[in-house]
Amino acid sequence: MRRIEIFDTTLRDGEQTAGVNLHLHEKLEIARALEQFGVDIIEAGFPASSPDEFQAVQKIAETVRGVRIAALARSHPGDIDRAWEAIRNAAGPRIHVFIATSPIHMQYKLRLTPDEVVERAVEGVRRAKRYTADVEWSAEDATRSDWDFLVRIVTEVIRAGATVVNLPDTVGYTQPQEYAAMFRYILERVPGIEKVKLSAHCHDDLGLAVANSLAAIQVGVTQIEGTINGIGERAGNAALEEIALALKVRQDHYRAETGIRTEHTVRVSKLVSKLTGIPVPPNKAIVGANAFAHESGIHQDGVLKHAATYEIMSPEMVGLSSNRIVLGKHSGRHAFREKLKELGIAVRSEDELDRLFAAFKALTGKKKEITDDDVLALFVDMAAPAEKYELLSLQCAIGSGVIPTTTIVLRLPTGEVRTESATGEGSVESVYKAIERAVGQPVALEDYRIQSTSGGPDALAEVYVKVRFHGLTSRGRGVDNDVVIASAKAYIDALNRITLRLPAAGDDRPAALGAADSGVVTG
């Protein structure tokens, strides 16, 4: 069996999903989950983009020790130096340097000649090589590049010291046969290609990211890059869970394996979904709610007689085994702690466990049975950092024939406490208008979504919103038994995420260097 290394870029390319803005503690939780999932490399971020991004990459590098940590850098000396500063204390540091190689990118974005691009690529690899032996080089938009130019530039970066060469389908343009042919062309013509790992990084604009990644494996690629749930720019990336299960279920075909612990698949998928606010489609392969559901009578009959009639993998393979521990109001700390371990939730102190257990006990007074999703929702909600805006109280008057009216008491980042009231067409609108009045700045709601953590009238409500505030967009999340309060929490969470990205008072620097400003696309 060939060993395929899994390079996870959920925290870098995945976070470039429109509206996603993860806090440091959320990135750490995802990184720990990815470590348990068994990925080989975590691309923790792009340190040169902002001080917050640098801090997050540095913290992940220092904390997550069982996996290699990569940092992205353009072929600029400052980017590469900053990347190394962030990951220098990682157990296995990798600098991932890239430059675009397609004619359209070189001419219109970089405004460089092909010779200048080769020169910059070589200089970037050499500079990264001063810091670490593990240097990955990527040809952004490789699939729209001239293949002979790719041969030339790949030859030069290998001579400069690159140990991994990534040829991404940055805009999701190529077809599986074309992608495989490109790699064959490189393998046959680049001297020294056997000295490096070849990597594939595919986007899903035409829905072929997973198919293209698997086609690359068949012609000799030994590293696959992607994200959990396939999140990322535009239509997203190759979904790593789909690739991992395809290789496991069809080992007879691919003759390749990964180090992925597939029993953690559903858990890491749910964690990423909750923290990013991006729902998993019910019919999504592997992790969708309907992935193992059978409604047709013929299918049900077949599965009941023998599961393999319609299931090519077992639910247990991806972590959908039945609960071993059922939590309720009589459950103690020991059972609760074991449930946290089962879900892969890392509690960092007894104080944190106490607060989480207290929240769990409070919930048992409202719900008879606590599900895994409930526990995960409580953990995600409690792990949030201290608020900038804090909801102190909320009172909402609603009813048939009554104009919905909300009064809120909100603490501002300055410490000032404001009380405001507002009416609306519905209760949620009245809440959001009252919050906007208290904030004193215009806030635009761009998306609103609500779901329950489980069935039944006592289910927790999870609300996800997307708002625009101070010219910036962010998602927010709120959890509560009451839909109105969960809606308020989500709205305020989104405001706080944006507030953290704003410059400090008197600081005229930009809050952060965004993907468009940085030149980062995804490859």
Notebook entry, point to check: If P281 passes every condition in (1) in contact with a Cys (Cβ under 7 Å, 6 or more places away or on another chain); (2) over 25 Å from V164 (Cβ atoms) but one, which one does it miss?
Noted result: (1)
Note to self: Restricting to region 226-278, and then to whatever is part of a helix (DSSP H, G or I) and among the small types (G, A, S), can you tell me which residue is farthest from K466 (Cα to Cα)?
What the structure shows: A246
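Every residue, every condition in (1) among the charged types (D, E, K, R); (2) surrounded by 24 or more Cβ atoms within 10 Å (Cβ to Cβ); (3) at pLDDT 95 or above, yes or no:
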site	(1), (2), (3)
D79	yes, yes, yes
W84	no, no, yes
H96	no, yes, yes
T101	no, yes, yes
M106	no, no, yes
P114	no, no, yes
V122	no, no, yes
R126	yes, no, yes
Check: Are any of the residues in region 290-305 surrounded by fewer than 17 Cβ atoms within 10 Å (Cβ to Cβ) and under 30 Å from H25 (Cα atoms)?
Finding: no
Notebook entry, point to check: How many residues does region 26-37 contain that are open to solvent by less than 10 Å² (accessible area, probe 1.4 Å) and either in contact with a Ser or Thr (Cβ under 8 Å, 6 or more places away or on another chain) or among the hydroxyl-bearing types (S, T, Y) (or both)?
Noted result: 4
Next item on the list: Just one of (1) buried (at least 19 other Cβ atoms within 10 Å of the Cβ); (2) over 16 Å from E26 (Cβ atoms) trips up G66, so point out which.
Entry: (1)
Note to self: Suppose we filter L363, L391, L460 for residues that are modelled with pLDDT of 90 or more, aliphatic (A, V, I, L, M) and surrounded by 15 or more Cβ atoms within 10 Å (Cβ to Cβ); which single one remains?
What the structure shows: L391
Next item on the list: Collect the residues in region 156-193 that are part of a helix (DSSP H, G or I), under 20 Å from E119 (Cβ atoms) and either touching a Leu at 6+ places or on another chain (Cβ under 9 Å) or of a type outside the set (V, I, T) (or both), keeping them in residue-number order.
Entry: E156, R159, A160
Notebook entry, point to check: When residues of region 63-117 are filtered for being closer than 27 Å to R32 by Cβ, of a type in the set (A, V, I, L, M, F, W, C) and assigned to a loop (DSSP other than H, G, I, E, B), how many remain?
Noted result: 4
Item checked: Residue match in region 40-52 (condition: of a type in the set (D, E, K, R), without any contact (Cβ under 8 Å) to a residue 40 or more places away in the chain and open to solvent by 10 Å² or more (accessible area, probe 1.4 Å)) -> no
Notebook entry, point to check: For region 333-360, how many residues meet the condition of being among the small types (G, A, S) and either open to solvent by less than 40 Å² (accessible area, probe 1.4 Å) or in contact with a Lys or Arg (Cβ under 8 Å, 6 or more places away or on another chain) (or both)?
Noted result: 4
Margin query: Quick check on region 245-254. Is at least one of its residues closer than 26 Å to L343 by Cβ, crowded, with 21+ Cβ neighbours inside 10 Å and of a type in the set (D, E, K, R)?
Written below: no
Next item on the list: Considering each of S321, S314 in turn, give the residue that is at pLDDT below 85 and either open to solvent by less than 60 Å² (accessible area, probe 1.4 Å) or touching a strand residue (DSSP E or B) at 6+ places or on another chain (Cβ under 7 Å) (or both).
Entry: S321
Next item on the list: Only one of these is open to solvent by 40 Å² or more (accessible area, probe 1.4 Å), in contact (Cβ under 8 Å) with a residue 12 or more places away in the chain and farther than 17 Å from F7 by Cα: L187, L150. Name it.
Entry: L187
Check: Just a yes or no: is a residue in region 482-492 of a type in the set (D, E), modelled with pLDDT of 90 or more and surrounded by fewer than 18 Cβ atoms within 10 Å (Cβ to Cβ)?
Finding: yes
Notebook entry, point to check: Given the conditions (1) without any contact (Cβ under 8 Å) to a residue 24 or more places away in the chain; (2) basic (K, R); (3) open to solvent by less than 30 Å² (accessible area, probe 1.4 Å), which single one is not true for R477?
Noted result: (1)
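The values are calculated or read from the model by the stated rules, or taken from the named source; none is laboratory data. Note that this is a predicted model, so its numbers are computed, not measured. Backbone-built Cβ (ideal geometry, glycine too); neighbour counts: all protein chains shown. Quick note on the areas: whole protein, heavy atoms, side chains included, nothing else; ligands and nucleic acids left out. Shrake-Rupley method; radii C 1.70, N 1.55, O 1.52, S 1.80 Å.
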